[in-house]
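First the structure, in the form of structure tokens, and then the observations on it.
The values are calculated or read from the model by the stated rules, or taken from the named source; none is laboratory data. Everything quoted here is computed from the prediction, not taken from an experiment. Here Cβ is always computed from backbone atoms with ideal geometry, including for glycine, and neighbour counts include all displayed protein chains.
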Amino acid sequence: MKLKMREPIRKILILEPSVLIAEGLRHVIDNFAGYDVCGIIRNQEGDIWAKIDDFNADLVIADPSVFDNRDRAGAHDMIKGIANAPVMALISTAADASYASTYDGTIYLSDTSDDIEQKISTVMKAAPAEQRGEGEELSSREKEILVCVAKGMLNKEIADHFNISIYTVITHRKNITRKTGIKTVAGLTVYALLNNLIDMNAME
Amino acid sequence: MDDMKDIHTGKLFSTGMKMAEVPDAEPRLLGVMRRLGIRFGFGEKTVEEVCAENGVNPHTLLLISKIYVNDKYAPSKEELSRSSIKDIVTYLHNSHDFYVGVALDTLEKFIKKMAGTLDEKHSRIITKFYSGYKDEILKHFEYEESVVFPYIQMLDEGKLPGNYSIDLYEESHSDVDEKLNDLKSIVMKYMPETCDDNLIQNVLTCLYTLENDLSKHTYIEDELLVPMAESREKYLRKQMDSSVTDETENA
């Protein structure tokens, strides 16, 4: 019965050409509770945007010098659009300092570990709820799906019922569990009953 | 930080320290001692002396103590080989008795008290969920008592029964864990406003204490009992193989 982490771990993607800086930052972030580096991208080779999308990160920390000069100015908006997550700048050269203001936050090589933790946490708090992955109440679609789960329907049946993909059902279920803190079907049924989403008589 | 260093180097607990000082590090160790079958009235005796009087392997006590003080304590090979599998089974068996006879009873009493103040519908929902949890955890204990522990006792006596092996001891804990955790969320977050806060808190305190103790219990099963049983199995199999070879050579 391991103690479970109630807060989801936030995944951070690092875009940084220097292996020293990238691995150093990874090491610093590894010591923060609640964050995990999900990947490091070192250069713009290949389809960098698809790669960024693949990591599904909750926060991107990007050194503008990863990008070609022509992409550097617009990089922040592109990353933000793809990752749907806040993007912080990691400034490693004085020349790039001018880009800092377009980002959601800025990390400098001179920052202490505490500075970095503070900055990351400020940026994450400022991000909209859907980017932080921290909704408050269940959405109406989540409630509908919860009712199906309580009634004992399988994911496949729920997907067919709402004409959505099974992956979408699974994502909804994950979000329901994250918001309510309830994992088991029996527990979710209790939630639905207590919140009058279903009738006791419907259960028996 | 200094404390942590001491735990790792084993300085916090030693066989030569006074038994009466062991629970100073962590009061829950009082329960650990009882479950190992150690009786109070230590006087000025050391861990080693008290353990000898009670027929308990002192290294088992020290190892379990370290696990209670330090989450995720990774036992070394040496610590495992010095500990007694028999004492660990005794400990786990007595923990079951404690959960069944004391902890679950107390929890149930508080849940009933809280549910008694709710309307009939809410009261029924909560008590039904709790009894589902209780049935499940009792079934799990029963499996360990009737299958796993007797098997390990056989291993300890040098026998290798063919009808079971420790790798069959699959993690059937997880769903039970999750239900306990769900109950915590439900009681904390979704009780009607009319419900008395003291009654809710009593239930929650009980749930946290139980969850914590069960997590140590599971950790001891997974990180002590299973690896010790595995190495015992390996040893006995090897012995069996070599005796078979001997016989063929003699023939």
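Exactly one residue out of B:Ser83, B:Ser14, B:Ser76 is under 19 Å from B:Tyr219 (Cα atoms) and surrounded by fewer than 19 Cβ atoms within 10 Å (Cβ to Cβ): that is B:Ser76.
All conditions but one from (1) surrounded by 15 or more Cβ atoms within 10 Å (Cβ to Cβ); (2) free of Cβ contacts under 8 Å to residues at least 60 places away in the same chain; (3) away from chain A (no Cβ under 14 Å) apply to B:Asp105; the one that does not is (1). Candidates B:Leu168, B:Leu207: the one that is in the same structural domain as B:Ile88 (by TED's automatic domain parsing) and in contact (Cβ under 8 Å) with a residue 24 or more places away in the chain is B:Leu207. Reported count of residues in the range A:135-190, each being assigned to a helix (DSSP H, G or I), polar (S, T, N, Q) and at pLDDT 90 or above, is 4. Could you tell me which numbered condition A:Asp111 fails, if it satisfies all but one of (1) in a helix (DSSP H, G or I); (2) acidic (Asp, Glu); (3) more than 14 Å from the chain's Cα centre (by Cα)? Single failed check for A:Asp111: (1). Flag: A:Leu20 matches the condition of being hydrophobic (A, V, I, L, M, F, W, C), out of contact with any strand residue (DSSP E or B) (no Cβ under 6 Å at 6 or more places or on another chain) and in the same structural domain as A:Asp114 (by TED's automatic domain parsing). Exactly one residue among A:Ser140, A:Ser113 is farther than 30 Å from B:Ile186 by Cα and surrounded by fewer than 13 Cβ atoms within 10 Å (Cβ to Cβ), and that residue is A:Ser113. The set of residues in the range A:40-66 that are in a loop (DSSP other than H, G, I, E, B) and in contact (Cβ under 8 Å) with a residue 40 or more places away in the chain comprises A:Asn56, A:Ala57, A:Asp58, A:Asp63.
Selection of the range B:130-147 for residues being exposed (fewer than 13 other Cβ atoms within 10 Å of the Cβ), within 18 Å of the chain's Cα centre (by Cα) and not hydroxyl-bearing (Ser, Thr, Tyr) yields B:Lys139, B:Glu142. Figure legend. Inter-residue proximity from the range A:162-191: first residues within 12 Å of another protein chain (Cβ to nearest Cβ) and under 13 Å from A:Arg141 (Cα atoms), second residues assigned to a helix (DSSP H, G or I) and β-branched (Val, Ile, Thr), beta-carbon distance below 6 Å, spacing 6+ or different chains. No pairs are indicated. Of all residues in the range B:181-212, which are more than 20 Å from B:Arg124 (Cβ to Cβ), surrounded by fewer than 19 Cβ atoms within 10 Å (Cβ to Cβ) and either touching a Cys at 6+ places or on another chain (Cβ under 7 Å) or within 11 Å of chain A (Cβ to nearest Cβ) (or both)? Passing the criteria: B:Tyr208, B:Glu211, B:Asn212.
Scanning the range B:45-65 for any residue that is closer than 22 Å to B:Thr209 by Cβ and loosely packed, with under 15 Cβ neighbours inside 10 Å turns up nothing.
Here B:Pro150 fulfils each of the conditions (1) under 22 Å from B:Asn198 (Cα atoms); (2) surrounded by fewer than 20 Cβ atoms within 10 Å (Cβ to Cβ); (3) away from every other protein chain (no Cβ under 11 Å) apart from (1).
Of the residues examined, B:Thr127 is one that is β-branched (Val, Ile, Thr), in the same structural domain as B:Val203 (by TED's automatic domain parsing) and surrounded by 16 or more Cβ atoms within 10 Å (Cβ to Cβ).
Only residues that are touching a helix residue (DSSP H, G or I) at 6+ places or on another chain (Cβ under 9 Å) and assigned to a helix (DSSP H, G or I) were counted in the range A:82-97, giving 4.
What number goes with the only condition from (1) surrounded by 13 or more Cβ atoms within 10 Å (Cβ to Cβ); (2) within 14 Å of another protein chain (Cβ to nearest Cβ) that B:Leu160 does not pass? Result: B:Leu160 fails condition (2) only.
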